[in-house]
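First the structure, in the form of structure tokens, and then the observations on it.
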Amino acid sequence: MSPPSRKSSASLAAPADLETLRAWFDAAVTPAFAVDPSGRLLLANRALVDLLGITPDVLVGKSLSNLVAVMGDALPNADAYSRRVSRLAEDKESVSDTLVEYHTDQQLFFKEISQPIRRSDGAPLGCLFLWVAMTREKQIDQNKNEFISIASHELRTPMTSIKGSLDLLLGGFAGDLGEETRELLVIAQSGCERLIRLINDVLDISKIEAGRMQLRLQPISLFDCVQRSARTIKSYADGFQVKIVIDCPGPPPEVLGDRDRLDQVVTNLLGNAVKFSPAGGTVTVSLCPVAGAMQCRVKDQGPGIPPDQRDRIFGKFQQVEGQAGKKGGTGLGLAIAQALIRQHQGRIWVESEVDRGSEFIFQIPSAPSGGT
Ligand code: ADP
């Protein structure tokens, strides 16, 4: 027999409950409606019926096709809509969001957020749809982000197979290569690697801007992270004849971080420090605790960064003036690093002396058990 609490949470059809629910629902300023798994509208709030200039009875208790008919071109056809509802209800799709463009005497843009609703025993009750108002600029921005992210994904797959084939050829898979062929393939390989880096950076930025960059925070060692990054960058640093020194006195510093993303930040800072160092130079990474946080400092002996450029270089596609293109790079690394560090509740900045070198510093909260 079901316990009483379960029965009460499942009794949405009782008139009194429905009345209360409707009152709550009507109080929301965002147009909203609820649909049962068969595609029938259970509730439509005041904001929605006011927007459409209809009375609730045109929609409530009726099929979704009525809403589609009222909205005209603004919604997908009723079948596609119903399919989405049943996929959401059956958990084949999780929370989703799409754009709705609705024309009255003016053009209105909404981001439609749909979410499956279940009883406490897991049985599907249907879906809740919310239309969050957007400005035209925001909508264009969202379209642009989606386009960039799809295009980059599509580009990455063939680029990866081109790089794989070039690696195989250069590794001798098809026999010995003449000197000239090898040189040409090395050029193709390095162009390919550069393009893959750019695609990955663009994908990261579009994920960050769409608010879809998710971190898996856990206590991790920042020292391990620095060591991994130094290993990753070692052969690159050898190519520039630059030495990397790690300075970490005291116990291993633990932070609350996403391992892969912090590796990405440190690798980017190290890569820049190496790239801008003179041959024979040293890059020093030091770790030290500060109040409630861990600080990581990456110091080089490069050209330094003029004071008026120090904030600017954390922007997208920004490079120190007069330097663009000279050292390669996309101008996205620091923008990504800053967004990732901020998402860790930390901050990142640069201290520098022109002609003497730069020091990029970030700090993020220590792990609670870190004891700092
Ligand atoms: P990228 O290095 O790919 O161009 P970043 O966003 O990582 O992109 O860096 C942006 C710009 O900041 C660089 O192009 C360079 O002008 C400047 N910069 C970054 N790190 C250093 C450094 N260690 N020394 C001097 N300039 C730097």
request  = Return the only residue of Q295, Q264 being away from the ligand (no atom under 11 Å from the Cβ) and under 27 Å from G191 (Cα atoms).
outcome  = Q264
query = Out of all the residues in segment 298-321, which are closer than 15 Å to E353 by Cα and either more than 13 Å from the ligand (Cβ to nearest atom) or not in a loop (DSSP other than H, G, I, E, B) (or both)?
reply = V298, K299, P307, D308, Q309
message = Checking the conditions here, which among E183, E154, E179 is farther than 22 Å from G315 by Cβ and modelled with pLDDT under 90?
response = E154
query = Would segment 234-253 turn up any residue that is modelled with pLDDT under 95, surrounded by fewer than 18 Cβ atoms within 10 Å (Cβ to Cβ), within 16 Å of the ligand (Cβ to nearest atom) and among the acidic types (D, E)?
reply = no
key: Selected residue [more than 9 Å from the ligand (Cβ to nearest atom), closer than 24 Å to L215 by Cβ, touching a strand residue (DSSP E or B) at 6+ places or on another chain (Cβ under 6 Å) and not in a loop (DSSP other than H, G, I, E, B)] from P365, P289   = P365
ask   = Which is hydrophobic (A, V, I, L, M, F, W, C) and assigned to a strand (DSSP E or B), of V202, V132, V186?
value = V132
query = Has segment 1-15 got any residue that is modelled with pLDDT of 60 or more and either farther than 13 Å from F129 by Cα or crowded, with 18+ Cβ neighbours inside 10 Å (or both)?
reply = no
key: Selection within segment 296-308 - surrounded by fewer than 17 Cβ atoms within 10 Å (Cβ to Cβ) and within 22 Å of A339 (Cα to Cα)   = P307, D308
Test: L269 is within 21 Å of L198 (Cβ to Cβ), touching a residue at least 60 places away in the same chain (Cβ under 8 Å) and surrounded by 14 or more Cβ atoms within 10 Å (Cβ to Cβ) = yes
message = Going through D224, D204 one at a time, which residue ends up being closer than 22 Å to A335 by Cα and within 29 Å of the chain's Cα centre (by Cα)?
response = D204
request  = Kindly check whether there is at least one residue in segment 335-352 that is of a type in the set (F, W, Y), within 16 Å of the ligand (Cβ to nearest atom) and surrounded by 16 or more Cβ atoms within 10 Å (Cβ to Cβ).
outcome  = no
message = Step by step: first the residues of segment 322-334, then only those that are hydrophobic (A, V, I, L, M, F, W, C) and either more than 9 Å from the ligand (Cβ to nearest atom) or closer than 30 Å to Q214 by Cβ (or both), then the one that is surrounded by the most Cβ atoms within 10 Å (Cβ to Cβ). Which residue is that?
response = L334
task = Determine, yes or no, whether S277 is in a strand (DSSP E or B), buried (at least 16 other Cβ atoms within 10 Å of the Cβ) and either within 16 Å of the ligand (Cβ to nearest atom) or in contact (Cβ under 8 Å) with a residue 60 or more places away in the chain (or both).
result = no
ask   = surrounded by 13 or more Cβ atoms within 10 Å (Cβ to Cβ), in contact (Cβ under 8 Å) with a residue 40 or more places away in the chain, of a type outside the set (D, E) and part of a helix (DSSP H, G or I) - does that describe any residue in segment 156-165?
value = yes
message = I'd like to know if segment 111-119 contains one or more residues that are touching a residue at least 40 places away in the same chain (Cβ under 8 Å), over 25 Å from the mean Cα position of the chain (by Cα) and either more than 18 Å from R197 (Cβ to Cβ) or surrounded by 14 or more Cβ atoms within 10 Å (Cβ to Cβ) (or both).
response = yes
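The values are calculated or read from the model by the stated rules, or taken from the named source; none is laboratory data. Treat the numbers as computed from the prediction; the structure is a model and nothing was measured. Ideal geometry is used to build each Cβ from the backbone, glycine not excepted, and the neighbour counts take in all protein chains shown.
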